[in-house]
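Scroll down for the structure; my scribbles are underneath it.
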Amino acid sequence: MSRSLLVVAILLLLADAATAAPVPKDAPKFPDFYPTRVGTKWVYLRDNIDEVTEEITGAEERDGAIHLTVRVKVPRDGWENTLVVSKEGLFWGANGIFTIDQWMVRFPVKPGAAWEVHTPLQPGLLAQAGRRTVGEPETVVVPAGTYRAYPVVFAVGLENNRIPDQPKSYTYWYAPQVGMVKLKYPDGKRVLKSFTPGPRVIRFCPDLPARQTPLTSGSRCGRVGRLAPLGGLAPTIRENPMTRRTAAGVMAAVLLGCGGPVYAADVPSDPVEAALAAYCDKHHVKRDRLEPREMGLVPGAKVFRYELPAVPDKQPWRALPVRYAFVFVDGKSGKLTDFKRETYDDPKAGAYTALFEAMKRAGRTVKTEEEATAVLRDLMRLEMWLTSAAADPDRSVKAIKVHGRYRNRPNTFSGGSYGWAGGDDVGLEVDTDGHVTNLLGGHIR
């Protein structure tokens, strides 16, 4: 066998072994209630007015825990929080120059669990003390999506060692794999607008510690960096959020003792991106045309839309204007469902069946008028954008508010009159478990 073929064979074996390398036995493992990857980013909407951005900029494994540095940005200000994630829970160490010293969540997360917290007195900070209690998990709908989250209620007992004039409490909702998705405080609230998980670190030498420092950018594929020969430092890749670098190129540099930059091909690893890549290739759509949208219809799904060109017709009333196509992708499995209007007769009867099935798989139920209102508004937004990109559904759907049954039918919710001059009505049909089975609507005058 020639030397080149031998090298290729070895590379393939090592690449396969590298991607399947076991996690170090001493690597800390904690309940996944707060992400720890550098680059993880949360954007919150505060009181429906401005944004608060939090991003993990540093992560260090030390003493069986992961110590995080989180950069916080608010309008005209910013600071760094220090957090520690361990098997005991999520601990808030400092807020900028102030010491907090509070357990935000204790692991394992169990309804009814409670603990005392006390922030030390210090100039310039309202030092609060009290009790945190975990409640039963709830379905929480925020702009970023729908989550199953645990509420943690902080009942304030003391402020600067004095009893408050009025009872005061804060409620934090924590969702697995995401962290805090909602916060309600005495004079307002904060809700998650978007969440971006940080890139993974791939270890090719699992017995050596990983370095989570950003790598120098190179080509479109990303620069791996200068790698030492065997026996040197462990080659570590900080994975791009959208792609995974193949191991073969890295192992080639190690085997051959290459100290120069190495470039690897883009291979989608995120199931969402893999599904979108296949979809774009099939429908001849450029990936950058797909813009993300926030909809709470399918928990755990990512939603995208892109414009479709106008379709003329000999009969002007059958012509289609510029409108949107929508793509729903399950965040874990990558299962994709798309909706678009390609002819005047679309969408046909049962067009939303696939969407309702996806909602059911994700556990989305409608059992209250408030939940029905939220689902109906999202469905009507979808309906209007499928018809015209110029539509302004956010203003129109505010008129939808569920009250009672749709035309007195069983297992339905009525959204009331809707459309031009109130000439139509809308409603939802659900099964006995609360899963949506049909979008109802028709002329009422």
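Coordinate-derived values only; no laboratory data. Computed from a predicted structure; not experimentally measured. When we count neighbours, we look across all protein chains shown, and the Cβ atoms used for this are built from the backbone with ideal geometry, even at glycine.
Annotations
- Additional length obtainable on full extension of the chain from LEU125 to SER388, 0.36 nm per residue less Cα span: 89.5 nm
- Listed by chain and number, the lysines placed with their C-alpha closer than 26 angstrom to that of LYS184 are LYS41, LYS73, LYS110, LYS168, LYS193, LYS302, LYS367, LYS398, LYS401; residues fewer than eight positions away on the same chain are left out.
- Stretchable slack from SER417 to ASP77, in nm (0.36 nm times residue separation minus alpha-carbon distance): 117.8 nm
- Per-residue Cβ neighbour rank within 10 angstrom, fewest leading, LYS360, LYS302: LYS360, LYS302
- Across the stretch 271-443, the fraction of Cα-Cα pairs farther apart than 21 Å, rounded to a whole number, is 51%.
- Remark: spin-label model distance HIS118-LYS398 equals 4.9 nm, labels positioned 7 Å along the Cα→Cβ axis.
- Here the Karplus relation 6.51 cos²θ - 1.76 cosθ + 1.60, evaluated at θ = phi - 60°, turns the backbone of the stretch 72-87 into coupling constants of 10, 10, 10, x, 6, 7, x, 6, 10, 9, 10, 10, 10, 10, 9, 5 Hz, with x for every Gly and Pro.
- Shape call, the stretch 352-445: gyration tensor on alpha carbons, a/c limit 1.5: oblate
- Where labels lie 7 Å past Cα in the beta-carbon direction, separation of THR432 and GLU342 in nm: 3.9 nm
- A Förster radius of 25 Å combined with the Cβ-Cβ distance from ILE163 to LYS184 puts the calculated FRET efficiency at roughly 0.70.
- Ordering of 363-369, 411-417 by packing [mean C-beta count within 10 Å, highest first]: 411-417, 363-369
- Overall form of the stretch 41-196 per C-alpha gyration tensor (a/c, 1.5; a/b vs b/c): rounded
- Förster-model FRET efficiency, 25 Å R0, VAL322 and ASP281, C-beta, rounded to 0.05: 0.60
- If the segment from GLN315 to ILE97 were pulled out straight at 0.36 nm per residue, it would be longer than the present Cα-Cα gap by 71.6 nm.
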